[in-house]
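Here is the structure we will look at, set down as structure tokens.
The values are calculated or read from the model by the stated rules, or taken from the named source; none is laboratory data. Computed from a predicted model, the values in this text were never measured in an experiment. Neighbour counts are summed over all protein chains in view; Cβ atoms, including those assigned to glycine, are modelled from backbone coordinates with ideal geometry.
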Amino acid sequence: MTAFPALFISHGAPNLALQDSPARDFFVGLGKELVDQGFGRPQAILIASAHFDMKLPSVSADEKPGMLYDFKGFEEELYKEVYPAPGLPQLATIAANLIEQSGFPAQELVGRGFDHGVWVPLKLIYPEADIPVVQMAIQSDQGAGHHIALGRALAPLRKHGVLIIGSGSLTHNLDEVFKGGREFDAPVLDWVRDFDDWVLAKAEAGAIDEIADYRSLAPHARENHPTEDHFLPLPFAFGAAGEGAKGRRIHHSVQWGVMAMDAYIFE
């Protein structure tokens with residue numbers, strides 16, 4: 001079996017599922033694109049969401065995950081959305097064991113539904129909801145290097161039909177989104193473009209050590225990520241692609257002038 005790549009996706013706001021945009025169009029076509037590139041359909045998905053943040057590495061072990069509507073003030077129909085994909089407790093156990101074998105503590109959790117970092121993109125990529133999904137927590141206080149190591153621990157799963165995804169946002173400064181009445185298609189700010197270009201260059205070069213130290217090396221890192229939660233799924237996916245991996249950007253668009261919706265394949 002051909003090993004799946006690892007993906008980083010920018011999941012955007014919950015109403016990405018409803019509103020036309022280049023990012024939404026990309027997600028709708030991504031499942032077919034992976035098939036066309038020879039990867040086929042995964043047997044299972046392990047997805048690390050920026051909205052699942054725990055002190056310890058944690059994986060969801062529910063057989064039938066529920067739904068989390070972890071947002072306020074959006075369209076009423078979003079609170080009725082359902083993504084009925086099954087869980088896969090066996091995969092959760094294997095993932096936890098791999099993490100522990102790499103020297104980290106790990107825990108399996110039940111009772112946590114799919115947050116919007118999971119169900120919004122997956123509902124567009126795999127709308128049939130027939131692929132089992134296991135969620136992975138980030139540790140927002142641990143930094144990029146920690147998440148590279150977590151991804152590396154889970155890399156063997158890719159050889160067994162598991163698609164590993166990091167779901168966050170290439171840039172994520174909500175204060176800038178909400179101030180000043182900025183339009184959805186506003187011009188991209190220079191400090192957003194500079195950070196975006198830096199990540200692209202490092203991903204394409206396979207410079208994972210520099211990604212690990214992005215906080216001090218990348219231009220305007222703190223302006224683009226006042227908190228690290230939405231960036232950390234990228235180094236997680238980079239690490240999950242294994243030693244020597246490089247990144248290839250498969251989508252680029254920017255919303256509100258400050259929210260880069262980039263997606264990467266790492267292999």
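Numerical summary
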read-out	value
Residue list for region 109-129, filter: farther than 14 Å from SER10 by Cβ and either small (Gly, Ala, Ser) or touching a Leu at 6+ places or on another chain (Cβ under 7 Å) (or both)	GLY111, GLY113, PHE114, ASP115, ALA129
Residues located in region 176-234, provided they are over 20 Å from PHE8 (Cα atoms), in a helix (DSSP H, G or I) and hydrophobic (A, V, I, L, M, F, W, C)	VAL177, PHE178, TRP191, LEU217
Some residue of region 53-61 being assigned to a loop (DSSP other than H, G, I, E, B) and either without any contact (Cβ under 8 Å) to a residue 40 or more places away in the chain or over 30 Å from ARG152 (Cβ atoms) (or both)	no
Region 31-59: number of residues that are under 15 Å from SER167 (Cα atoms) and out of contact with any His (no Cβ under 9 Å at 6 or more places or on another chain)	6
Qualifying residue in region 243-253 (condition: over 13 Å from the mean Cα position of the chain (by Cα), among the β-branched types (Val, Ile, Thr), part of a loop (DSSP other than H, G, I, E, B) and modelled with pLDDT of 95 or more)	no
Options LEU217, LEU200; residue that is over 28 Å from VAL59 (Cβ atoms), within 18 Å of the chain's Cα centre (by Cα) and surrounded by 14 or more Cβ atoms within 10 Å (Cβ to Cβ)	LEU200
Identity of the residue in region 1-16, among the small types (Gly, Ala, Ser) and within 16 Å of the chain's Cα centre (by Cα), that ends up surrounded by the fewest Cβ atoms within 10 Å (Cβ to Cβ)	ALA13
Candidates GLN107, GLN135, filtered to the one that is touching a residue at least 12 places away in the same chain (Cβ under 8 Å), closer than 24 Å to ALA17 by Cβ and not hydroxyl-bearing (Ser, Thr, Tyr)	GLN135
Some residue of region 173-195 being under 16 Å from the mean Cα position of the chain (by Cα) and either of a type in the set (Asp, Glu) or buried (at least 21 other Cβ atoms within 10 Å of the Cβ) (or both)	no
Cβ-Cβ under 7 Å pairs, at least 6 apart or on other chains, region 218-242 side touching a residue at least 40 places away in the same chain (Cβ under 8 Å), far side among the acidic types (Asp, Glu)	ASP229/ASP53; ALA241/GLU267
Residue tally, condition touching a residue at least 24 places away in the same chain (Cβ under 8 Å) and either surrounded by fewer than 15 Cβ atoms within 10 Å (Cβ to Cβ) or assigned to a helix (DSSP H, G or I) (or both), over region 19-31	8
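Let's see how each residue does on (1) of a type outside the set (Val, Ile, Thr); (2) outside any helix (DSSP H, G or I):
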| residue | (1), (2) |
| --- | --- |
| SER140 | yes, yes |
| HIS146 | yes, no |
| ALA149 | yes, no |
| LEU154 | yes, no |
| LYS159 | yes, no |
| ILE164 | no, yes |
